[in-house]
Amino acid sequence: MSTEDHAVAQGEEEYTPPGVEEYSKYWNEDKVFIKEANECLLQYQDKLLGDNKQQKVFIPLCGRAAELKYLAELGHDVVGVEFAEVAILQFFEMFDITYESKPMKDPEGTVYTSTKDGLSIRIYCCDFWKFGPRVEGGFQAVWDAGSLYSLPMSQRDDYIKVMKSVLAPSSRTLVMADVPSLSDEVKSSDLQRMYGEQFTVEYLGYTKTQRKDYEQFGLEGFTMFYISSVDG
C-alpha cells in the first residue's frame, strides 16, 4: 500500500503515552538494542541533509537512538532531548562513547555531552515541554522518528510549537510514523495545519521494513513525511 491511508489508528479512545517511570522501566527491561540507523533515514537522508557537510540536527524524544551516533559520525552537530535518563546512559554505554554530564537549572535536568573525538553529541535529560531556544536552537535538520506520533492528538499542537521555536529560519524535517501505529493517525493536511503556511509538507510514502530488529515491536513498516520551511 502506497497511500497515507496505510497508517491506521488503533482504537477509538485517545492514546495516552507512558510517563517517565513507565518509560524508564521499559528501557531497563528492553535488552534488544538497535545499533543501526533506521532504513528510512538512510533512504531520505539526502533530502534531509542536502549537500551540507555539517548541519545542526535535532532528535526530539530520542531515547537511545542509533541515529544520534550515525549522524554525528557524518560530521553533524547532533542534539537530542530525552526525559528517561536510563535511555541516555544506555546509549553512551551501548556505543562505547565517553561523555561528561552537567546539571541544568532552567529547565531542571542534566546535559550529557560526548567527549569522544570527532563526535558532536549533546543529549538533554529534561522536560521536553520546557525545552526551547533559551536552552538550544537554530536546528537546520530534524529527525523525528515517531516522536510526534508517540503523543496523543491533544498534545501535538503544543509539540509543534516547541519544535518551531527551535528551528533555524531554513530547516528540513523528516517525520516518521510506525505502521501499525499505537497512537492516532496524522495525514499531510494535519501536519500542514499544525506547522502553518511558512512550511511545506510532503508525503513521501510507505516503506516496508526489511529489518528483523523491528519484529519485537510488531512493526510492518513506516510512513514518512518531509517538512521544509518556505526559505529552506
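Calculate how large, on average over all directions, the projected area of the Cα convex hull of the chain is; give the answer in nm² to one decimal.
12.0 nm²
Rounded to the nearest 0.05, what FRET efficiency do residue 164 and residue 53 have when you use their Cβ-Cβ distance and R0 = 22 Å?
Efficiency, from the Cβ-Cβ distance: 0.30.
Segment 139-229: which GluC sites (Glu not before Pro) are DSSP loop and have at most 12 other beta-carbon atoms within 10 angstrom?
The qualifying sites are 197.
Tell me which residues come under 5 Å, amide H to amide H, from residue 80 once H is placed; ignore anything under 5 positions away on its chain.
Distant-sequence amide H within range of residue 80: 59, 122, 123, 124.
Among the trypsin sites (Lys or Arg not before Pro) within segment 156-230, which fall in a DSSP loop and have no more than 14 other Cβ atoms within 10 Å of their own Cβ?
211
Counting only DSSP beta bridges with both residues in the chain, tell me the antiparallel percent, nearest 5.
If I count the DSSP bridges inside the chain, around 60 percent turn out antiparallel.
How many nm separate the modelled label positions at residue 43 and residue 220, each set 7 Å beyond the Cα in the direction of the Cβ?
Taking the simple label geometry, residue 43 and residue 220 are separated by 1.4 nm.
How far is the Cα center of segment 177-229 from the Cα center of segment 108-125, in Å?
A separation of 28 Å, based on Cα centres.
Cα-Cα over 22 Å: which of 164/208; 56/161; 35/130; 53/105; 69/208; 56/164?
Correct reply: 164/208; 35/130; 53/105; 69/208.
Values in this text are rule-based calculations from the coordinates and carry no lab data. Note that the coordinates shown come from a computational prediction; the quantities given were computed from them, not determined experimentally. In this analysis, Cβ positions are derived from the backbone assuming ideal geometry, glycine residues included, and neighbour counts consider all displayed protein chains.
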